[in-house]
1. Restricting to region 89-144, name every residue that is within 27 Å of T2 (Cα to Cα), surrounded by 14 or more Cβ atoms within 10 Å (Cβ to Cβ) and over 17 Å from the mean Cα position of the chain (by Cα).
2. Taking region 68-101 only, how many residues are in contact (Cβ under 8 Å) with a residue 60 or more places away in the chain, under 21 Å from H133 (Cα atoms), in contact with an Asp or Glu (Cβ under 8 Å, 6 or more places away or on another chain) and not β-branched (V, I, T)?
3. Show the residue pairs that are 6+ apart or on different chains and have beta-carbon atoms under 6 Å apart, the first residue being within region 46-67 and open to solvent by 30 Å² or more (accessible area, probe 1.4 Å), the second being part of a helix (DSSP H, G or I).
4. Out of region 14-23, which residues are open to solvent by 20 Å² or more (accessible area, probe 1.4 Å) and either closer than 24 Å to E79 by Cβ or among the small types (G, A, S) (or both)?
5. Considering region 1-33 alone, what residues qualify as being part of a loop (DSSP other than H, G, I, E, B) and in contact with a strand residue (DSSP E or B) (Cβ under 6 Å, 6 or more places away or on another chain)?
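The values are calculated or read from the model by the stated rules, or taken from the named source; none is laboratory data. Note that the structure is a prediction, hence the values are computed from the model and not measured. For neighbour counting, all protein chains shown are included, and Cβ atoms are generated from backbone atoms with ideal geometry for every residue, glycine included. Please note that ligands, DNA and RNA were not included when accessible areas were found on the heavy atoms of the full protein model with its side chains. Shrake-Rupley method; radii C 1.70, N 1.55, O 1.52, S 1.80 Å.
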Amino acid sequence: MTLAGHVTAVSNLIARYAELVDTGDFAAVGGLFRYGAFVGRGEPARGAEAVERMLRDTVVVYEDGTPRTHHVTSNLAVEVDEQEGTATARSYVTVFQALPGLALQPVAAGRYQDRFQLRDGSWWFGERRVTVHLVGDVSGHLMS
């Protein structure tokens, strides 16, 4: 795989995370962290089962099986070390949500600091560190 191919694969993994969270497929999100950890506001969640459990315990899911969110990842910068089989990425995230009685609005904005590892030809999250800088009305998104 070329350097550009590695950058594309890592970028696609970042996009896949957002798609899976927004469709409420928390088991598949956990699977992205088979060899990694999610570091957010609480204790780090390490491994697939822990990440899935963390999402199920913190994110509100509606009748349609989704959190009714739209995660937008922007300002993405990916750096790959082909020799080591590792990569890092930094990006911004803005989470939008719309609910009955709640107009579409941004509910959170922050940054992702990611580390990745190449295993058997596939990229995996090594660590996702989330820092939220701006918080709106998350009452319909996160459990208290």
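1. Passing the criteria: only L118.
2. So the answer is 2.
3. A48/G30; A48/G31; E52/F26; E52/A27; E52/G30; R56/F26
4. We begin by selecting, within region 14-23, every residue open to solvent by 20 Å² or more (accessible area, probe 1.4 Å); these are 15-16, 19, 22-23.
Residues satisfying the conditions are A15, R16, E19.
5. First, the residues of region 1-33 that are part of a loop (DSSP other than H, G, I, E, B): 1-2, 24-25, 33.
Within region 1-33, just F33 meets the criteria.
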